[in-house]
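Undergrad: Have a look at the structure that comes next, please.
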Amino acid sequence: MNRKFFYFSLVAIAISGCSNTNKKQAIGDFEYAEKQEAKNLTIPQGMKAPKRYDDYAISNDINHQGPVGENVDVRAPSLVLPVAASTRVESTNSEAKIWFDQALDDVELKSFLLTALEEQLAGDGVTLDVIDAENGIYESQWYNVTKESGWLFKDVTSQENYRYRYTFESKPHGRSVALMVSLVDYIKTDEQGKSSDIDLIDKQRAEIAMLNEIVSQVDYKYRKQAKENRLLRANQKLVSIGENADNQPAYIVEMEIDLLWSNMPIFFEDHGFTVSDLNESKKIYYVDFVKPNIGLWDMLWGDEVPVIELDDDKYQFILQSHGEGDEQTSVTILDKDGNPLSSQVLNAIFEVVEPGLSFRGL
């Protein structure tokens, strides 16, 4: 029993030893920091000095006040990550700052970014204070980070408190907005007492980490908006049955005529039509229709394309701009004799034609 307790103690010590590793510091000894620079060779009188190369010589004009040995912070530098759409970082700027360019035309960019900031802080359980709304200055309440030690029984070893300032900078046109994060207050309480000092590297890392959290939140909101737009388009009826300019039955498509013209070959290929000729100036496609055969494997795997119930024959698809604007196009289908298909026929095949001319699967 005592032996088991001894082994258990060793494991506990090993775990606690690993948790106390200083990740800022390099692993190993620091004897190199105590080494003195070798003196120049003394050449006896009458002897020729060997040739000397200065390719790797280190100038004495360096910072002799910087950290040495175990005081050197070996962590990789923190970087601002422009992961959201239309974000960029100024290469000459070492601050925690990033530029956002307009990615959504239907929202005001600064308001969108401010909402993302508020949502990020709310998710962290921190409120946002308005300092100067006109000049785009906001500050957070305190972030509290607690460090604990122990395995079975937890003890609080230190607590760090951070408070940030968020500054927005807008271009005159409003389509480019910068966000800068700065740490304005810091308090650390540990076994040595309370301190309001923070290492400059740790300060910069905290600012960049906070900025990257906000950029990630903006990216999430962009993706969410894109998903909502796709769902809206998927559920939107872009095709209806109406009449063309000559009062003939036709499909009315919510799409500009040149865009619909260029996409029509996709519709034809997916639904059994083969283009035999076309007249681009008059926007007419001459097609041959052969009803697709649905094979057994298509039925088993669910890969079959819905079939348009028309006779195998020749048809014409005539596109015309519809309405006052240029955002609608009428599609009139003529049979081999040049007669437009009736409203009854258009209604009968509407369930297949509507998603096809909406290009919903693309």
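Undergrad: I'd like the full set of residues that are more than 28 Å from K23 (Cα to Cα) and among the hydroxyl-bearing types (S, T, Y), limited to segment 76-90.
TA: Within segment 76-90, S86, T87 qualify.
Undergrad: Only one of (1) over 30 Å from E37 (Cβ atoms); (2) at pLDDT below 80; (3) open to solvent by 70 Å² or more (accessible area, probe 1.4 Å); (4) not aliphatic (A, V, I, L, M) fails for Q65. Which number is that?
TA: Here Q65 clears every test but (1).
Undergrad: A follow-up question, please. Between K23, K48, which is assigned to a loop (DSSP other than H, G, I, E, B), charged (D, E, K, R), open to solvent by 80 Å² or more (accessible area, probe 1.4 Å) and modelled with pLDDT under 80?
TA: K23
Undergrad: Same structure again: Would you please list the contacts, defined by Cβ atoms under 6 Å and residues six or more apart or on different chains, that run from a residue in segment 28-57 that is under 30 Å from D73 (Cβ atoms) to a residue that is surrounded by 10 or more Cβ atoms within 10 Å (Cβ to Cβ) and of a type in the set (A, V, I, L, M, F, W, C)?
TA: A33/V68
Undergrad: Is at least one residue of segment 181-198 without any contact (Cβ under 8 Å) to a residue 24 or more places away in the chain, of a type in the set (S, T, Y) and within 30 Å of S343 (Cα to Cα)?
TA: No, there is no match, as no residue in segment 181-198 is without any contact (Cβ under 8 Å) to a residue 24 or more places away in the chain, of a type in the set (S, T, Y) and within 30 Å of S343 (Cα to Cα).
Undergrad: Right, another one. Limited to segment 323-342, what total is found for residues that are open to solvent by less than 50 Å² (accessible area, probe 1.4 Å) and at negative phi?
TA: Of the residues in that region, 11 qualify.
Undergrad: List the number of the failed condition for F100; all other conditions in (1) more than 21 Å from K203 (Cα to Cα); (2) open to solvent by 90 Å² or more (accessible area, probe 1.4 Å); (3) assigned to a strand (DSSP E or B); (4) not aliphatic (A, V, I, L, M) hold.
TA: The single condition F100 does not satisfy is (2).
Undergrad: Please count how many residues of segment 144-200 are open to solvent by less than 50 Å² (accessible area, probe 1.4 Å), closer than 19 Å to T87 by Cβ and outside any strand (DSSP E or B).
TA: Total meeting the criteria: 1.
Undergrad: A further question follows. Give the residues of segment 73-93 that are open to solvent by 50 Å² or more (accessible area, probe 1.4 Å), without any contact (Cβ under 8 Å) to a residue 60 or more places away in the chain and over 14 Å from the mean Cα position of the chain (by Cα), sorted by residue number.
TA: Within segment 73-93, V74, A76, P77, V89, E90, S91, T92 qualify.
Undergrad: Just to verify a result, which residue in segment 249-281, among those that are open to solvent by less than 80 Å² (accessible area, probe 1.4 Å) and among the polar types (S, T, N, Q), is farthest from A348 (Cα to Cα)?
TA: Filtering first and then ranking leaves N279.
The values are calculated or read from the model by the stated rules, or taken from the named source; none is laboratory data. A quick note: this is a predicted structure, and the numbers were derived from the prediction, not measured. Neighbour counts are summed over all protein chains in view; Cβ atoms, including those assigned to glycine, are modelled from backbone coordinates with ideal geometry. Quick note on the areas: whole protein, heavy atoms, side chains included, nothing else; ligands and nucleic acids left out. Shrake-Rupley method; radii C 1.70, N 1.55, O 1.52, S 1.80 Å.
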